[in-house]
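Below is one structure, written out as structure tokens; the observations come after it.
The values are calculated or read from the model by the stated rules, or taken from the named source; none is laboratory data. Since the structure is predicted, the reported quantities are computational estimates derived from the model, not experimental observations. Reconstructed Cβ throughout: ideal geometry from the backbone, glycine too, with neighbour counts over all protein chains shown. Keep in mind that these areas ignore ligands, DNA and RNA; they rest on the heavy atoms of the full protein, side chains included. Shrake-Rupley method; radii C 1.70, N 1.55, O 1.52, S 1.80 Å.
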Amino acid sequence: CEQVEDPAQAKGIVQREVLRVITPGTLIEPELLSPKENNYVAALHWDKKQSSPSMKGIGIAFMDLSTGEFRFCRADSLEEVEGVLSKINPREVVLSEDGKGQPPPGAFLEDKAIRYVSARYFLKDEAYRLLTQHFQAHSITAIGEEGSDLIAAGALLAHVKEAQKGVMGTITTLQPYTLHNLMRIHPLAQQHLHLVPSGDTKEGTLLQVIDKTVTAMGGRLLRHWLLHPLLSPAEIIKRQEGVSFFHKNHALRLSLRDSMKKMADIERLLGRISLNAANPRDLIALKTSLFILPEIFKKVGSEVGTPTAVGVPTWDNLDDVAGIIDRAICPDPPLSMKDGGVICEGYLPALDEIRAFQKDARSTLTGIELRERQRTGIESLKVRYNQVFGYYIEVTETHLKKIPPDYIRKQTLTRAERFTTPELTEVEDRLLGADEKICRLEAEVFKKVCESVSCQARRIQEMSSKIATLDLFLSFAEVAHQNRYTCPVVNDDLVIRIVEGKHPVLDKRLSFVPNDTFFDPPDSQLMLITGPNMAGKSTYMQQVALIVLMAQIGSFVPASEATIGVVDQIFTRVGAADALIRGMSTFMVEMTEMAQILRQATPRSLILLDELGRGTSTFDGISIAWAIAEHIHRHGARTLFATHYHELTQLPRSHTGIRNYHFLVREYKDEIVFLRRITEGGADRSYGIEVGRLAGLPPEIIKRAKIILGELTAIDLRSPLSSLSPGTSPVQEDLFAAPPPLPAISPVLKALQAIDPTAITPMQAIQILADLAEQARKEI
């Protein structure tokens, strides 16, 4: 809330109005935002009553008011909605008030700030009207295909307009957000792979390792690329060319990074300027950043072979925009417009005239004082000022008889009198009004400069995007240089070949042992990984997924060689957690997640399964894990399957695409040494007791556990699994074969089944019993 009326002209209380409503998703204050993370507000819309194909699905729209990004898309299921929201991580979600009082659709909204707005905003005609009006389009088809996604966009625009009181200069375009031409990273995979921070710190995430960006715009774009890997080898190779160029040109890379370090956040500066929320120093920061553009262009454009992805042929130095600010705004202005001194001298003659009068005011007052002393003969006469009476002439009581008749009395003191004259009153009026006029004129000029800059928003946003892309190429090249990464070969084959691959995050912290990976479906499609706890199974699986993902965002990878057949989806099923609030046990959560993976995976997908089936009984777990492995093998997804169920190592005998791998362990007396090296073949032990000892379990527990283990291994569990030794012939077929036929029912049982106890007498019952007893003796 701010004053909207001049206090000097107000009658009574000065009028105030709400100029802006602040919500979590519409923040633009830099001190409240993370520089390298977008601040999104999203809207969802669906209408189950609509039968038109164009209206099916769930409409999603999201906006970052601070940068001007505005996108929309249509999802076919709540799972897709969850996937989109997990990537953009909106601070606020807008829904129709029709659903108020009901639980939000989808558990993924439970931790979001929900904003219910008027259902009128979600009406098709109203939403389309707002969009066409804002973007000055002749019809909604000029913006996009009619559907729930555009209705969500219109509702979101209405909500933000209401919060901003109509000031929306930063929103210049509405762009589609594609769901089908990018790798799909399941929300659980995003969490399990630790791609981006889930809290306030980046520690332990892939983003922390590969983020060497030096601009806020580049940091935000990196997060977007990381969560939206490409599927097109041609587009990936185009990015690789940019990274390779700067990887080879070390001196140029360092020079460009030094130049770009001086750039402010152009996108968000433009956002505040366009939303009438900027201060004078924001304009200077923008000008300083724009002045660096020619310097960058000179360095990049002079190099032969500069990657076209940087956009050098269409580079725009924005000299005219920087010039507008440079001519109007002082190089070192105050933070607030109220302090004055914002507009440069020579920019506005009327302003210069008032400032010149202010500068001459002291000499003018001194001249008045000297003339009045000579005229009255009062040497002690003084011209003074206070906030109550303004400017006045003070004369002591001993000289009151010399006062001229044109003096006007203002105040009587104990030993003096205060007067004014027509000349002094005129000077006072001009002086006291000068500050007000200066503030008013400067505010008018500042507003016009901001409007002029806002009119070039599209050009500034385009150059901000180019700077962000350039920053990412430089960042990837710097990461590759520092960590000795390799440029991978990316193609449309199904082969994944990684030589001496490393986990990009753990390699920075540990003395990491590299390992190879090879997929070549159908001959090598599912890696069944066994070995003890702590040997490195989970780390290895994460490592493979992270290398694939890094390759598909255009980055170099931590390996000596790598060939990556494009992956369309990454799924993970790791960890054990329940969902008590939704009434789901640990095993139920595991099975639900596994069901989603099996429904959505394709032969181009990459699946990571860690300890599947451990949330239930041993035989149930083995049975489910075995059946799932077979299902995945039939449908062709490339899979890493880590398990302690050693029975599963028999799968490769009947399935050529499944291969056994295990992590090497060296035993010495009662100790084990983890070698961290994966090799082909299955493990026969899990070394759980040894790991328990390493974890610090009391010696008596370790001793007792060994005794129990010996007893259990000696017991014949009388299970079909006990007969599946390496030398036996039926393997998978025997394990899950149909049960043998039941034995024939004996004559005694048949006779018992035929008896109706309510239709016989006691004597008949005794006779029947005697006959059955005799017959039973004969059978025995």
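Observations on the structure shown:
- Among residues of the stretch 341-363 that are more than 18 Å from residue 283 (Cβ to Cβ), those with a Cβ under 7 angstrom from a residue that is open to solvent by 50 Å² or more (accessible area, probe 1.4 Å), sequence gap 6+ or separate chain, pair up as 352/345; 352/346; 354/437; 357/430.
- Residues that are over 16 Å from residue 664 (Cβ atoms) and of a type in the set (Gly, Ala, Ser) were ranked within the stretch 519-558; the one that is surrounded by the fewest Cβ atoms within 10 Å (Cβ to Cβ) is 524.
- Test for residue 109: is it among the hydrophobic types (A, V, I, L, M, F, W, C), open to solvent by less than 30 Å² (accessible area, probe 1.4 Å) and under 29 Å from residue 273 (Cα atoms): no
- Residue in the stretch 145-166 that is out of contact with any Asp or Glu (no Cβ under 7 Å at 6 or more places or on another chain), outside any loop (DSSP other than H, G, I, E, B) and more than 21 Å from residue 93 (Cβ to Cβ) present: no
- Top-ranked residue of the stretch 1-41 - restricted to ones that are polar (S, T, N, Q) and open to solvent by less than 70 Å² (accessible area, probe 1.4 Å), ranked as farthest from residue 196 (Cα to Cα): 23
- On the stretch given as the stretch 437-475, residues that are over 18 Å from residue 295 (Cβ atoms) and either not in a helix (DSSP H, G or I) or not aromatic (Phe, Trp, Tyr) (or both) total 27.
- Note on the stretch 21-55: among residues that are assigned to a loop (DSSP other than H, G, I, E, B) and closer than 17 Å to residue 127 by Cβ, the one that is modelled with the lowest pLDDT is 52.
- Out of 444, 478, sole residue that is out of contact with any Lys or Arg (no Cβ under 7 Å at 6 or more places or on another chain) and surrounded by fewer than 24 Cβ atoms within 10 Å (Cβ to Cβ): 444
- Screening 385, 407, 392 for residues that are closer than 30 Å to residue 7 by Cα and touching a residue at least 12 places away in the same chain (Cβ under 8 Å) leaves exactly one candidate, 392.
- Search result, residues across the stretch 744-767 that are part of a helix (DSSP H, G or I) and in contact with a helix residue (DSSP H, G or I) (Cβ under 8 Å, 6 or more places away or on another chain): 747, 748, 751, 752, 757, 765
- Qualifying residue in the stretch 351-371 (condition: among the acidic types (Asp, Glu) and assigned to a loop (DSSP other than H, G, I, E, B)): no
Per-residue answers, yes or no, for (1) under 22 Å from residue 203 (Cα atoms); (2) part of a loop (DSSP other than H, G, I, E, B); (3) touching a residue at least 60 places away in the same chain (Cβ under 8 Å):
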| position | (1), (2), (3) |
| --- | --- |
| 477 | yes, no, yes |
| 500 | no, no, yes |
| 518 | no, no, no |
| 522 | no, yes, yes |
| 550 | yes, no, yes |
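- Restricting 383, 388 to those that are assigned to a strand (DSSP E or B) and either among the β-branched types (Val, Ile, Thr) or touching a Gly at 6+ places or on another chain (Cβ under 8 Å) (or both) reduces the list to 383.
- Condition met for residue 336 (within 36 Å of the chain's Cα centre (by Cα) and open to solvent by less than 70 Å² (accessible area, probe 1.4 Å)): yes
- Filter result for the condition that a residue is surrounded by 17 or more Cβ atoms within 10 Å (Cβ to Cβ) and within 30 Å of residue 2 (Cβ to Cβ), over 132, 170: 170
- Hits in the stretch 83-103 - residues which are over 24 Å from residue 119 (Cβ atoms) and open to solvent by 20 Å² or more (accessible area, probe 1.4 Å): 86, 87, 89
- Residue list for the stretch 625-643, restricted to those being surrounded by fewer than 18 Cβ atoms within 10 Å (Cβ to Cβ) and in contact (Cβ under 8 Å) with a residue 40 or more places away in the chain: 627, 630
- Unmet requirement for residue 498, which otherwise passes all of (1) over 30 Å from residue 269 (Cα atoms); (2) under 24 Å from the mean Cα position of the chain (by Cα); (3) among the hydrophobic types (A, V, I, L, M, F, W, C): (2)
- Pair list, Cβ < 8 Å and 6+ apart or interchain, from the stretch 111-137 residues that are closer than 26 Å to residue 89 by Cβ and of a type in the set (Phe, Trp, Tyr) to residues that are part of a helix (DSSP H, G or I) and open to solvent by 20 Å² or more (accessible area, probe 1.4 Å): 116/97; 116/99; 122/98
- Residue 596 passes every criterion in (1) in contact (Cβ under 8 Å) with a residue 24 or more places away in the chain; (2) surrounded by fewer than 20 Cβ atoms within 10 Å (Cβ to Cβ); (3) out of contact with any helix residue (DSSP H, G or I) (no Cβ under 7 Å at 6 or more places or on another chain); (4) closer than 30 Å to residue 77 by Cα apart from (3).
- Of all residues in the stretch 315-333 being surrounded by 11 or more Cβ atoms within 10 Å (Cβ to Cβ) and of a type in the set (Asp, Glu), the one that is nearest to residue 553 (Cα to Cα): 316
- Taking the criterion of being closer than 15 Å to residue 417 by Cα, under 60 Å from the mean Cα position of the chain (by Cα) and surrounded by 11 or more Cβ atoms within 10 Å (Cβ to Cβ), the only residue of the stretch 358-388 that qualifies is 385.
- When each of 322, 277, 328 is tested for being of a type in the set (A, V, I, L, M) and under 29 Å from the mean Cα position of the chain (by Cα), the lone residue that passes is 277.
- Filter result for residue 610 (buried (at least 20 other Cβ atoms within 10 Å of the Cβ) and not small (Gly, Ala, Ser)): yes
- Selection count, the stretch 599-613, where residues are modelled with pLDDT under 90 and in contact with a helix residue (DSSP H, G or I) (Cβ under 7 Å, 6 or more places away or on another chain): 3
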